[in-house]
Structures are given as C-alpha cells and as structure tokens.
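Student: Below: one structure in structure tokens.
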Amino acid sequence: IIFLLQAEIDSRNIMNILRGVREGLPSDEITSYLIPGGSLSPTILEKMAEADDVFSALSHIQDRFDLKEAQEAFDETNSLAPLEVTLERAIVERGLKAFQRSILSLGALVGFIYLKEEEVKNIRKIIRAKEYNIPLDKVREMLVLT
C-alpha cells in the first residue's frame with residue numbers, strides 16, 4: 001500500500017519539476033512545490049529541479065522509469081502530456097499488481113480504489129476533450145487503459 005502512495009507522490013513531484021524546469025523557474029521555487037514522502041530521494045529531486053531542460057531533468061530518473069517513448073513525444077510536441085500519461089500508467093500497473101495479489105487484503109482494496117480513480121480521470125479527460133473539440137486519436141493517447 002505504501003509503495004502505491006509513494007509512486008503517486010513521485011509522479012506528482014516529477015511532473016511539478018518538469019513543469020517548473022520547462023517554464024524556467026528557479027530551483028528553490030520548484031522544490032517548494034514538492035510533496036515529501038515519495039520514494040525518490042530529496043537529492044535526486046533537487047538535481048532534477050536544477051536541470052537546464054526537461055531532458056536533463058529526466059536523465060536523473062531514467063533508471064527508475066521507462067520514459068523513452070514519452071521523451072520522444074515531448075521532443076516532437078513540446079507537451080508534457082505523454083510523460084504524465086506514462087507515469088499514470090506505471091502507477092496503474094502497480095495498482096493492478098496489488099489488486100491481483102490477494103482478494104481479501106488491504107492491498108486489493110487500495111488497488112481497486114486506484115483503478116476506480118483512474119477511470120474517473122479518464123472520464124474527465126474525455127469530457128474536456130469533447131469540450132475543446134480535441135480529435136479522437138489524441139484523446140486515445142491520453143487515456144490510461146487497463
């Protein structure tokens with residue numbers, strides 16, 4: 001259960017850092033938005049926040065997350081959305097593993113909650129896409145399907 005919460009915190013911290021680095025914010029301002037309690041050490045997060053660009057920030061965590069395809073998509077579009085979706089998918093996969101381990105455990109309950117939360121996020125993405133007339137193929141790229 002703890003590892004799921006840590007993964008969620010890591011995902012939010014990574015995205016906050018990437019947004020800050022892309023916008024050119026100073027590292028001390030970026031680190032003020034970080035959430036304590038994730039599995040990434042404060043040293044790694046600080047190094048990421050001090051990076052000059054998104055790619056050098058991601059180089060500090062490439063051993064933990066497989067973000068190569070998302071990095072290529074970012075390079076083409078300059079959008080952080082592929083990176084965020086990739087991190088969300090990684091969390092959902094961990095939630096599925098917790099859900100499948102045991103039917104009567106607390107981990108199964110937490111895994112189920114994560115899956116339901118992801119469904120709600122997908123529905124919100126679909127609604128916003130319809131609201132802004134985003135093409136269906138772009139919407140499919142943003143969804144996290146299990």
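Student: Which of the residue pairs LYS68/LYS125; LYS68/LYS138; LYS47/LYS138; LYS68/LYS116 have a Cα-Cα distance greater than 25 Å in the structure shown?
Tutor: Working: LYS68/LYS125 23 Å; LYS68/LYS138 19 Å; LYS47/LYS138 32 Å; LYS68/LYS116 27 Å.
Distance filter (> 25 Å) returns LYS47/LYS138; LYS68/LYS116.
Student: In whole percent, and with a 1.4 Å probe on the protein chains, what portion of the accessible area of the chain is carbon and sulfur?
Tutor: On the way: 4970 of 9230 Å².
Of the solvent-accessible surface of the chain, carbon and sulfur hold 54 percent.
Student: I need the P(r) histogram for the chain: all alpha carbon pairs, bin width 10 Å from 0 out to the longest distance, whole percents.
Tutor: Calculated over all Cα pairs of the chain, the distribution is 11, 36, 35, 16, 1 percent.
Student: Taking the mean number of other Cβ atoms within 10 Å as a proxy for protection, how do you rank 112-121, 134-143 from highest to lowest?
Tutor: Going by the mean number of other Cβ atoms within 10 Å, highest first, we get 112-121, 134-143.
Student: Answer with one residue from MET15, ILE91, ILE113: the one whose Cα lies farthest towards the positive end of the charge dipole of the chain, charges on Cβ with Lys, Arg +1 and Asp, Glu -1.
Tutor: Farthest along the dipole direction, towards plus: ILE113.
Student: Also, quick follow-up: Whole number in Å², please: accessible area per residue of the chain, 1.4 Å probe, ligands, DNA and RNA not counted. Write down the numbers at each step before the final one.
Tutor: Details: 9230 Å² over 146 residues.
Ligands and nucleic acids excluded, the figure is 63 Å² per residue.
Student: From the phi angles alone, apply the Karplus equation (6.51, -1.76, 1.60; θ = phi - 60°) to region 61-73 and give each ³J(HN,Hα) in whole Hz, x where the residue is Gly or Pro.
Tutor: 10, 5, 7, 9, 10, 8, 10, 4, 5, 5, 5, 5, 5
Student: Would you compute, from DSSP H runs of 4+ residues alone, the mean residue ellipticity of the chain at 222 nm, taking -39500 (n - 2.57) per run and dividing by the full residue count, rounded to the nearest 500?
Tutor: After summing the helix terms and dividing by the residues of the chain, the value is -22500 deg cm²/dmol.
The values are calculated or read from the model by the stated rules, or taken from the named source; none is laboratory data. Keep in mind the model is a prediction, meaning the values are calculated, not measured. For neighbour counting, all protein chains shown are included, and Cβ atoms are generated from backbone atoms with ideal geometry for every residue, glycine included. Only protein heavy atoms, including side chains, enter the accessible area calculation; ligands, DNA and RNA are left aside. Shrake-Rupley method; radii C 1.70, N 1.55, O 1.52, S 1.80 Å.
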